[in-house]
Amino acid sequence: MEWHEVIEHPSLKNLPFKIETNKWGKIMMTPASFLHGIYQSRIDKTLGRLAHEGETATECPVQTSEGVRVADVAWGSNAFIKRHGLRKLKLPEAPEVVVEIESPSNTIGELEEKKQLYFKASAKEFWICDQDGGMHFFNPRGELERSEIFVEFPERIDIRVA
């Protein structure tokens with residue numbers, strides 16, 4: 001299927017899954033947990049607070065060489081937004097920062113593959129939030145001690161329930 005067909009298909013609306021496509025246009029669905037959603041929300045809010053410009057997005061569809069992948073969180077600069085606009089069904093290239101959250105249904109091997117696909121699609125940094133909230137930052141040359149774009153971004157996302 002083409003991405004616009006996936007987005008417009010009435011039976012695929014409101015599913016409790018992240019929908020992506022592979023390089024053959026086949027649909028892949030990944031369930032997300034409540035904890036996954038909390039990490040996604042915290043990362044998005046933190047990025048939004050630290051960004052002096054640009055936009056953050058959750059569930060950000062990016063066309064890659066292997067189909068459409070949907071980043072848990074992404075940040076694009078004003079220049080990126082100006083190039084691509086806001087009304088795209090999918091982005092033709094990756095925003096500068098792409099974040100994925102590890103989960104039982106999203107293995108390290110799959111995250112490694114996504115990392116390579118996003119870098120190939122022009123991402124500048126790829127971040128992984130592990131299942132304990134630890135943040136891991138990468139650029140195309142390898143792992144970073146911290147983000148070079150958002151140097152103040154924390155090394156851990158703390159989830160505390162009062």
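Every number here is computed from the coordinates shown, using simple stated rules; none is lab data. It should be emphasised that the depicted structure is a prediction, and the values quoted were computed from it without experimental measurement. When we count neighbours, we look across all protein chains shown, and the Cβ atoms used for this are built from the backbone with ideal geometry, even at glycine.
Rounded to the nearest whole Hz, the Karplus-based 3J(HN,Hα) values (6.51 cos²θ - 1.76 cosθ + 1.60, θ = phi - 60°) of the stretch 151-158 follow the sequence 4, 8, 5, x, 7, 8, 9, 8, with x at glycine and proline. Annotation: amide H of Leu144 within the under-5 Å range of Phe137, Phe138, Asn139, sequence separation 5 or more or interchain, hydrogens built in the peptide plane. When each of the peptides 34-44, 96-106 is scored by the mean number of other C-beta atoms lying within 10 Å of its residues, the order from highest to lowest reads 96-106, 34-44. A Förster distance of 22 Å, applied to the separation of the beta-carbon atoms of Ser33 and His136, puts the FRET efficiency at 0.70. Each label was represented as a point 7 Å from its Cα along the Cα-to-Cβ direction; for Glu110 and Arg49 these points are 3.0 nm apart.
With the Kirkwood sum run over all distinct C-alpha pairs, the stretch 30-144 has a hydrodynamic radius of 14.1 Å.
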